[in-house]
Amino acid sequence: MTLVAGHHGGFKHLLLHRPLSSPGNLLRVDEAIADVEASRAAGILLDLRHLHPRPDTLDSFCLAKHMATALLGPRLRVALLVTAVNFAEGRFIETVCVNRGGLVRVFRNTVAARAWLRARLERATPPDLSAEAQ
């Protein structure tokens, strides 16, 4: 089962449940990437805190490989939100994505994850030089 929680503060919040690499989950990841790209949002907050039991390595790898391939075009950020219990799986997904060119980072803290996503927007916004020109 997958729940899409919608946009929050300039990013798409997506909750995934097991199995991570199910066709439905992969489709929802693709839809979230397309939605974020179209809306020029900061990125995707992928919430993996509710994974019980923990996903196996192959399931995590399949999701990471799919995300990395889908993220290459739009170059969007994905913040993985995990708990201490599933931090290793989150780090594994991050590593696979980063090694394939994705902008993915794992977080245990929601505030830090949101700040990292918003930093993309701040850098993408050109500075207002009108005051300097006067």
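The values are calculated or read from the model by the stated rules, or taken from the named source; none is laboratory data. Source: prediction; values computed, not measured. All Cβ positions, glycine included, derive from the backbone under ideal geometry; neighbour counts span all protein chains shown.
For region 93-113, give me each residue that is touching a Phe, Trp or Tyr at 6+ places or on another chain (Cβ under 8 Å) and over 20 Å from D30 (Cα atoms).
Listed by number, the residues that qualify are F107, R108, A113.
With respect to the numbered conditions (1) out of contact with any strand residue (DSSP E or B) (no Cβ under 8 Å at 6 or more places or on another chain); (2) in contact (Cβ under 8 Å) with a residue 60 or more places away in the chain, which one is the sole condition not fulfilled by L45?
Checking L45 against (1) out of contact with any strand residue (DSSP E or B) (no Cβ under 8 Å at 6 or more places or on another chain); (2) in contact (Cβ under 8 Å) with a residue 60 or more places away in the chain, the one that fails is (1).
With the requirement that a residue be under 13 Å from I33 (Cβ atoms) and either among the charged types (D, E, K, R) or touching a residue at least 40 places away in the same chain (Cβ under 8 Å) (or both), what does region 64-91 give you?
Scanning region 64-91 gives H66, A70, P74, R75, L76, R77.
Filter region 31-47 down to residues that are over 11 Å from the mean Cα position of the chain (by Cα) and under 14 Å from L14 (Cα atoms) and give me whichever is surrounded by the most Cβ atoms within 10 Å (Cβ to Cβ).
The qualifying residue surrounded by the most Cβ atoms within 10 Å (Cβ to Cβ) is A41.
Do any strands (runs of 3 or more DSSP E) lying entirely in region 13-113 carry at least 1 residues that are at pLDDT 90 or above and in contact with a Gly (Cβ under 8 Å, 6 or more places away or on another chain), and which ones are they?
77-81, 103-107
Going residue by residue through region 48-56, is there one that turns out to be in contact (Cβ under 8 Å) with a residue 40 or more places away in the chain and either closer than 23 Å to G10 by Cβ or crowded, with 19+ Cβ neighbours inside 10 Å (or both)?
Taking region 48-56 first, the residues in contact (Cβ under 8 Å) with a residue 40 or more places away in the chain are 48.
Keeping just the survivors that are either closer than 23 Å to G10 by Cβ or crowded, with 19+ Cβ neighbours inside 10 Å (or both) gives 48.
So far as region 48-56 goes, yes, one or more of its residues are in contact (Cβ under 8 Å) with a residue 40 or more places away in the chain and either closer than 23 Å to G10 by Cβ or crowded, with 19+ Cβ neighbours inside 10 Å (or both).
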